[in-house]
Amino acid sequence: MEAVEAVLEQLRVLDAKPDTPMSIFDIGVPLMKAGHSQEMLVNALFYLESKKTIELLPGNRLRLITPL
């Protein structure tokens, strides 16, 4: 679950707010530079969506559902 924690931490760094859409690239690019694979990050995003923490949106965007 290291990638899940990394995604959540990046959302905190970006000061993500519920119901404010943001680009997935704002999360993925820094985390891939930090050594996470695209597959790990996609799985983390799907996991967070299944837990109703985020909502994946069209256009490579996401929205935080619950505050961090």
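Got a sec? Which of LEU56, LEU11 is buried (at least 18 other Cβ atoms within 10 Å of the Cβ) and at pLDDT 95 or above?
Values: LEU56 fails: buried (at least 18 other Cβ atoms within 10 Å of the Cβ).
After applying the criteria, what remains is LEU11.
Would you mind telling me which numbered condition in (1) open to solvent by less than 90 Å² (accessible area, probe 1.4 Å); (2) touching a residue at least 40 places away in the same chain (Cβ under 8 Å); (3) touching a Lys or Arg at 6+ places or on another chain (Cβ under 8 Å) ASP19 fails?
Exception for ASP19: condition (1).
The values are calculated or read from the model by the stated rules, or taken from the named source; none is laboratory data. It should be emphasised that the depicted structure is a prediction, and the values quoted were computed from it without experimental measurement. We place every Cβ from the backbone using ideal geometry, glycine too, and count neighbours over all the protein chains shown. Calculation scope for accessible area: heavy atoms of the full protein, side chains included, ligands and nucleic acids excluded. Shrake-Rupley method; radii C 1.70, N 1.55, O 1.52, S 1.80 Å.
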